[in-house]
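To start, the structure under review is shown below, and the notes come after it.
Just so you know, all these numbers are worked out from the coordinates, no wet-lab data involved. Because the structure is a prediction, the values reported are computed rather than measured. When we count neighbours, we look across all protein chains shown, and the Cβ atoms used for this are built from the backbone with ideal geometry, even at glycine.
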């Protein structure tokens with residue numbers, strides 16, 4: 001399997017912002033299981049509350065796979081940012 005590596009800023013990438021990332025412990029603040037929270041309002045423009053997606057670890061971060069409707073929203077966000 002090919003190793004995925006975070007590549008940082010680059011052509012074709014748009015920065016969404018700086019996220020707050022937390023390990024959320026089971027049994028605290030209403031967590032039913034221990035999990036990782038990524039809190040960034042701009043992410044909800046692409047992935048709506050309640051939608052499920054795919055996450056894969058990469059060297060230095062994670063890759064979030066998008067479903068068709070999410071891809072449309074992400075591409076719209078890219079288009080809206082162009083001048």
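Below is a table of values for the structure above.
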item: Filtered residue count, the range 24-52, keeping only those that are under 9 Å from the mean Cα position of the chain (by Cα), part of a loop (DSSP other than H, G, I, E, B) and closer than 19 Å to residue 72 by Cβ; result: 2
item: Looking only at the range 1-41, and only at residues there that are surrounded by 10 or more Cβ atoms within 10 Å (Cβ to Cβ) and touching a helix residue (DSSP H, G or I) at 6+ places or on another chain (Cβ under 8 Å), the one that is farthest from residue 80 (Cα to Cα); result: 19
item: Single condition residue 78 does not satisfy, out of (1) in contact with a helix residue (DSSP H, G or I) (Cβ under 6 Å, 6 or more places away or on another chain); (2) in contact (Cβ under 8 Å) with a residue 60 or more places away in the chain; result: (1)
item: Close pairs from the range 9-32: first at positive phi, partner in a loop (DSSP other than H, G, I, E, B) and surrounded by 10 or more Cβ atoms within 10 Å (Cβ to Cβ), Cβ under 6 Å, at least 6 apart; result: 17/40
item: Pair list, Cβ < 7 Å and 6+ apart or interchain, from the range 54-74 residues that are farther than 18 Å from residue 44 by Cβ to residues that are surrounded by fewer than 10 Cβ atoms within 10 Å (Cβ to Cβ); result: 59/3; 63/56
item: Whichever residue in the range 53-83 is assigned to a loop (DSSP other than H, G, I, E, B) and surrounded by 12 or more Cβ atoms within 10 Å (Cβ to Cβ) and, among such residues, is farthest from the chain's Cα centre (by Cα); result: 67
